[in-house]
Structures are given as C-alpha cells and as structure tokens.
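Working notes, beginning with the structure itself.
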Amino acid sequence: MIIGVIPARYASTRFPGKLLADLHGKPVLQWTWEQACKAESLDKVVIAAGDEKIANAATRLGVEVVEVFKDYASGSDRIADAVQQLETSGDSFDIVVNIQGDEPLLNPEHIDLAVKRLQSDSEAGVTTLIAPIDEERQFYELSLVKAVIDKKGHALYFSRAPIPFVTEFTSCSAYKHIGLYVYRRQVLTDFVNWQACELEKLEKLEQLRLLYHDVTIATVIVESSGVGVDTEDDLMIVQRILKSN
C-alpha cells in the first residue's frame with residue numbers, strides 16, 4: 001500500500017498560518033491535498049497535523065487527519081510518527097510519499113513519476129524530483145537547493161551553494177531540488193532513527209543524512225516545480241496563476 005502524507009503546522013517563520021491562508025476560496029492546504037488525491041499511485045492521502053489549528057481545519061474539510069503534536073525537528077519525523085500510528089491501527093505501507101503542504105500547484109503526475117521510479121529502481125531507497133535551473137540568478141540563490149547526479153540519475157550531492165562550478169552558466173548546467181520524497185518504508189524508519197550528520201548540520205539539508213548512510217537517492221527530472229507558498233508574495237503569485245488558468 002502506498003500512502004501520501006502531508007506534514008502541516010500552523011507556525012511558519014516567514015509566513016505564519018500560510019497553510020490556512022485563503023486562496024480563491026479555499027485554504028492553501030486544501031488545494032495541496034486535492035492535488036495529491038489526484039495521483040493515481042496513492043492508495044491513501046492523510047495530513048499529519050502538527051497542532052490543533054491545522055487538525056481542526058483539516059477535519060472541517062473532511063480530510064483524514066493524524067495528530068502529531070510533538071515538537072519534531074523535521075517533517076520527515078512527523079510523517080514517520082503518523083505512519084506508525086496508522087500501522088498500529090492495522091494499516092500496512094510499503095512506500096511513503098512526503099508531500100509539502102504549501103504546494104497548491106502540485107502536479108499529481110510528478111508524484112506518480114517519483115513512485116514509479118522507486119518501484120523500478122532496485123538500488124534506490126528514496127526518490128525525489130529535480131528540475132533544470134533556467135535562470136542564472138536562481139543558480140546563485142542560497143535558498144534554492146541544487147543537486148548533482150550521476151549517469152544513472154542517482155544523487156551525488158545536494159547543496160545551497162551553486163554546484164557544479166561552472167565558468168559560464170547555461171540552462172543545462174545545474175538542477176534545483178524539489179522537496180518531494182518517496183521512501184521505502186524501512187528507509188524512512190532508519191532515516192528518523194539516525195542522528196543528523198555533520199554535512200546535514202552545515203548545509204541544513206536533511207537529505208544529506210541519507211547520502212551519508214549510503215542510501216541511494218534516485219531522481220526524476222521534471223520540467224517545472226511550480227510555485228510553493230513561502231511568503232505572502234508567493235501567495236499573490238499563485239493567485240494570479242490560478243486566475244489566469
């Protein structure tokens with residue numbers, strides 16, 4: 001069984017309450033959940049609520065909610081707790097998909113592609129998405145995570161720094177990482193039980209913990225990552241996109 005889990009908290013450093021912000025008559029979180037439910041590969045989609053505000057809002061929307069109110073360091077920890085609670089109730093999962101709650105323009109086909117890649121790649125313990133960086137400005141933005149891959153499409157490294165080093169930037173020079181993860185069930189358990197490694201602490205990128213422990217991360221190249229809602233300006237951009245469509 002394959003489950004999609006959306007970790008969600010009301011708190012946010014740059015835009016508190018963004019997941020419940022109104023977006024054309026619906027909360028951002030509802031848009032994300034509805035898009036995730038369109039993925040053909042998912043047997044179940046739940047919200048791992050980090051607080052009562054999110055839990056109550058999701059329940060009112062008719063979404064299946066798992067309450068995970070502990071103060072976890074990452075969304076992956078919250079997801080692992082939610083999955084364990086569901087399994088205690090009798091469910092069983094082979095694959096777990098980590099879906100960011102602030103992605104109202106999420107493409108469900110991207111979820112299906114990432115799941116299919118994991119199912120077809122026996123070497124991989126995790127799959128994730130990357131997209132070509134088409135603007136030189138983005139290449140040097142520290143907030144944008146870059147990825148370097150090998151000939152099999154397996155991740156070699158992730159960094160906030162502009163990697164690989166290039167003397168002249170072109171649209172095929174580098175990839176940006178898109179924060180959707182597809183885990184084999186046991187790998188997710190191992191991941192949250194491992195201590196954060198030094199590289200992870202330095203870069204503030206939890207996926208480096210997987211590489212440190214020799215977990216193969218297979219990537220899927222997609223054309224576009226859409227627009228996530230990290231700030232109020234992002235919300236306005238998404239509103240314009242939805243209106244134009």
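The values are calculated or read from the model by the stated rules, or taken from the named source; none is laboratory data. All values derive from a computational prediction rather than experimental measurement. Note: ideal-geometry Cβ built from the backbone for every residue, glycine included; neighbour counts use all protein chains shown.
Does Thr189 satisfy being in the same structural domain as Asp112 (by TED's automatic domain parsing), at pLDDT below 95, out of contact with any Ser or Thr (no Cβ under 6 Å at 6 or more places or on another chain) and of a type outside the set (Lys, Arg)? It is false that Thr189 is in the same structural domain as Asp112 (by TED's automatic domain parsing), at pLDDT below 95, out of contact with any Ser or Thr (no Cβ under 6 Å at 6 or more places or on another chain) and of a type outside the set (Lys, Arg). Of all residues in region 62-75, at least one satisfies being closer than 28 Å to Lys201 by Cα and part of a helix (DSSP H, G or I).
Collect the residues in region 195-236 that are in a loop (DSSP other than H, G, I, E, B), of a type in the set (A, V, I, L, M) and within 27 Å of Arg14 (Cβ to Cβ), keeping them in residue-number order. Talk me through it step by step, then tell me what you get.
Our first condition is that a residue be in a loop (DSSP other than H, G, I, E, B); within region 195-236, this holds for 195-197, 204-206, 213-216, 222-231.
If we keep only those that are of a type in the set (A, V, I, L, M) too, we end up with 196, 205, 215, 222, 227, 229.
Passing the criteria: Ala196, Leu205, Val222, Val227, Val229.
Screening Lys152 with (1) in a loop (DSSP other than H, G, I, E, B); (2) at pLDDT below 95; (3) more than 20 Å from the chain's Cα centre (by Cα) gives one miss only, at (2).
In region 76-112, the qualifying residues are those that are in a loop (DSSP other than H, G, I, E, B) and charged (D, E, K, R), and the one that is modelled with the highest pLDDT is Asp94. Considering Gln119, Gln138, Gln85, the condition of being without any contact (Cβ under 8 Å) to a residue 60 or more places away in the chain, surrounded by fewer than 19 Cβ atoms within 10 Å (Cβ to Cβ), of a type in the set (S, T, N, Q) and farther than 29 Å from Ala21 by Cβ is satisfied by Gln119 alone.
When Lys146, Lys176, Lys152 are checked against the criterion of being surrounded by fewer than 16 Cβ atoms within 10 Å (Cβ to Cβ) and not hydrophobic (A, V, I, L, M, F, W, C), Lys152 stands alone in meeting it. Residue under question is Thr59, and the condition is that it be outside any loop (DSSP other than H, G, I, E, B), among the β-branched types (Val, Ile, Thr) and within 21 Å of Glu223 (Cβ to Cβ); does it hold? Criteria not met by Thr59. The lone criterion from (1) assigned to a strand (DSSP E or B); (2) in contact with a Pro (Cβ under 9 Å, 6 or more places away or on another chain) left unmet by Ile178 is number (2). Here Asn56 meets each of (1) crowded, with 19+ Cβ neighbours inside 10 Å; (2) of a type outside the set (Gly, Ala, Ser); (3) out of contact with any Pro (no Cβ under 9 Å at 6 or more places or on another chain) with one exception, condition (1). Looking across Ile133, Ile178, Ile149, Ile163, one residue alone is assigned by TED's automatic domain parsing to the domain that holds Ile221, aliphatic (A, V, I, L, M) and free of Cβ contacts under 8 Å to residues at least 24 places away in the same chain. It is Ile163. With respect to (1) assigned to a helix (DSSP H, G or I); (2) within 29 Å of Val227 (Cβ to Cβ), the lone exception for Asp190 is condition (2). Just one of the numbered conditions (1) modelled with pLDDT of 95 or more; (2) within 15 Å of the chain's Cα centre (by Cα); (3) more than 20 Å from Asp94 (Cα to Cα) is not true of Leu144: (1). Selection of region 191-217 for residues being charged (D, E, K, R) and in contact (Cβ under 8 Å) with a residue 24 or more places away in the chain yields Glu203, Lys204, Glu206. Is it true that Ser173 is in the same structural domain as Ile54 (by TED's automatic domain parsing), of a type in the set (S, T, N, Q) and farther than 24 Å from Lys201 by Cα? Spelling it out, it is not the case that Ser173 is in the same structural domain as Ile54 (by TED's automatic domain parsing), of a type in the set (S, T, N, Q) and farther than 24 Å from Lys201 by Cα. Tell me, which residue of region 1-47 that is assigned to a strand (DSSP E or B) and among the charged types (D, E, K, R) is nearest to the chain's Cα centre (by Cα)? Taking the candidates together, the pick is Lys44.
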